[in-house]
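Working notes, beginning with the structure itself.
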Amino acid sequence: MKPTATPLLTTLALVAASLLPAAAADPSADQLLRQMSAKLAAAKSFTFEATREIDPGLLEGISVATKADVSAAVQRPNKLAATAKSSLGTRRFIFDGSSLVLLDEKNNHYAKVPMRTSIDGLVDQIDAKYGFVPPLAEFALSDPYKDFKRQSQSFTYLGREKTKEGFLGLGGVECHRIWLSGKEADAELWIGVNDQLPRKLTATFHREGKPQVCISFSKWNLGTPVSASEFAFNPPKGSQQIEMWTTAKMQSNSKH
């Protein structure tokens, strides 16, 4: 005959089980993206820094991976500035709500075009007319979630992991990892558990060789007013203004 538990043992087992921590359910990838986007969108002004590495094949005329240190400043609704320093030199992107300037400090030349719009309008217009997107501009949009949703077919939660920062990685940040599956590329986005801010993004493009863009974010500063000098442009001494070619003009020129 099979023995059965006594009522006392059964009661003790139930009490012990009730004291054990419940298994935590995986958070929603979609909800985490919404929280991150809402926090960024609510900031009237902010700055951050990033290290960006781009594989060859994603930049025309570049045969080796290119690493750049980027600093960015945002002031809503219509100011965006970024500086990228790499082995290719220092390049600045300045948008003040009425014009857009691209400055190549190494070659000491710049291009300037009228651009009276918001940050959202800026991204749409230069992508359509000039065929590129400002550095890390998707995080400066008024609704970053909308842009992620447009580019991704699905979001998947991958779990938690700590970034490797500081001495022996002791300064790392605990993050949620989210997988974004898209038509042009798949990406893995790390979002801080405590602050809901982007910490790392790795995008793998659906091209030969699977080239990647890897970005590590740091020094987020939300809410602090940004100096007006960040968005001011004074041509450097001896600099030359050049034309900013549209995508249509580049395509036409390549046929000749």
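Taking 8 Å as the Cα distance limit and 6 or more residues as the minimum spacing, I'd like the relative contact order of the stretch 88-196 as a percentage.
Details: 157 pairs, mean separation 15.3, N = 109.
For the stretch 88-196, the relative contact order is 14 percent.
Annotation for the stretch 216-256 versus the stretch 124-141: alpha-carbon center distance of 11 Å. Residue pairs exceeding 28 angstrom between C-alpha atoms, taken from Lys106/Lys249; Lys112/Lys210; Lys44/Lys85; Lys112/Lys164; Lys39/Lys106: Lys112/Lys210; Lys112/Lys164; Lys39/Lys106.
Amide H contacts for Gly172 (H built 1.01 Å from N in the peptide plane; partners 5 or more residues away or on another chain; cut-off under 5 Å): Glu165. Sorting 91-101, 209-219 by their mean Cβ neighbour count within 10 Å, with the most densely packed peptide first, gives 91-101, 209-219. Once Cα extents along the principal axes in Å is calculated for the structure shown, the corresponding label among (i) 56, 42, 30; (ii) 96, 43, 36; (iii) 68, 40, 35 turns out to be (ii). For the chain, with all protein chains in place and a probe radius of 1.4 Å, 53% of the accessible heavy-atom surface sits on carbon or sulfur. Our coupling estimate for the stretch 82-97, obtained by passing each phi through the Karplus curve with A = 6.51, B = -1.76, C = 1.60 and θ = phi - 60°, is 8, 10, 10, 10, 8, 5, 7, x, 10, 10, 10, 10, 10, 10, 10, x Hz, Gly and Pro reported as x.
Taking a straight Cα-Cα cut-off under 16 Å and skipping sequence neighbours fewer than 8 places away in the same chain, the lysines within cross-link reach of Lys149 are Lys183. Remark: the stretch 48-54, residue by residue, has Karplus-estimated 3J(HN,Hα) of 7, 10, 7, 10, 10, 10, 10 Hz, where x stands for each Gly or Pro and the curve is 6.51 cos²θ - 1.76 cosθ + 1.60 at θ = phi - 60°. Given springs between every Cα pair under 10 Å in a Gaussian network model of the chain, which of Glu105, Glu188, Glu49 has the largest fluctuation? Between Glu105, Glu188, Glu49, it is Glu105 that shows the largest mean-square fluctuation.
Got the relative contact order for the chain handy, in percent, Cα pairs under 8 Å and 6 or more residues apart? Please report the intermediate quantities before stating the final value.
Working: 463 pairs, mean separation 53.4, N = 256.
Rounded, it is 21 percent for the chain.
Using the Cβ of Asp55 as centre and a radius below 12 Å, the other residues enclosed give a net charge of +2, where K and R count +1 and D and E count -1.
Just to verify a number: FRET efficiency for Asn107 and Gln35, C-beta to C-beta distance, R0 = 30 Å, to 0.05?
Working: r = 42 Å, r/R0 = 1.40.
Efficiency, rounded to the nearest 0.05: 0.10.
Placing unit charges on the Cβ atoms of the charged side chains and taking the dipole of the chain about its Cα centre, the candidate lying farthest along the positive direction among Thr247, Ser118, Ser181 is Ser118.
For the chain, the solvent-accessible area of protein heavy atoms averages 60 Å² per residue (probe radius 1.4 Å; ligands and nucleic acids excluded). Relative to the longest principal axis of the Cα atoms of the chain, helix 7-19 runs at roughly 10 degrees.
For every other residue with a beta carbon closer than 14 angstrom to the beta carbon of Glu188, add +1 if it is Lys or Arg and -1 if Asp or Glu, then tell me the sum. Spelling it out: positives minus negatives among the neighbours equals +3.
The values are calculated or read from the model by the stated rules, or taken from the named source; none is laboratory data. Remember, it's a predicted structure, so these values are computed and weren't measured experimentally. Here Cβ is always computed from backbone atoms with ideal geometry, including for glycine, and neighbour counts include all displayed protein chains. Only protein heavy atoms, including side chains, enter the accessible area calculation; ligands, DNA and RNA are left aside. Shrake-Rupley method; radii C 1.70, N 1.55, O 1.52, S 1.80 Å.
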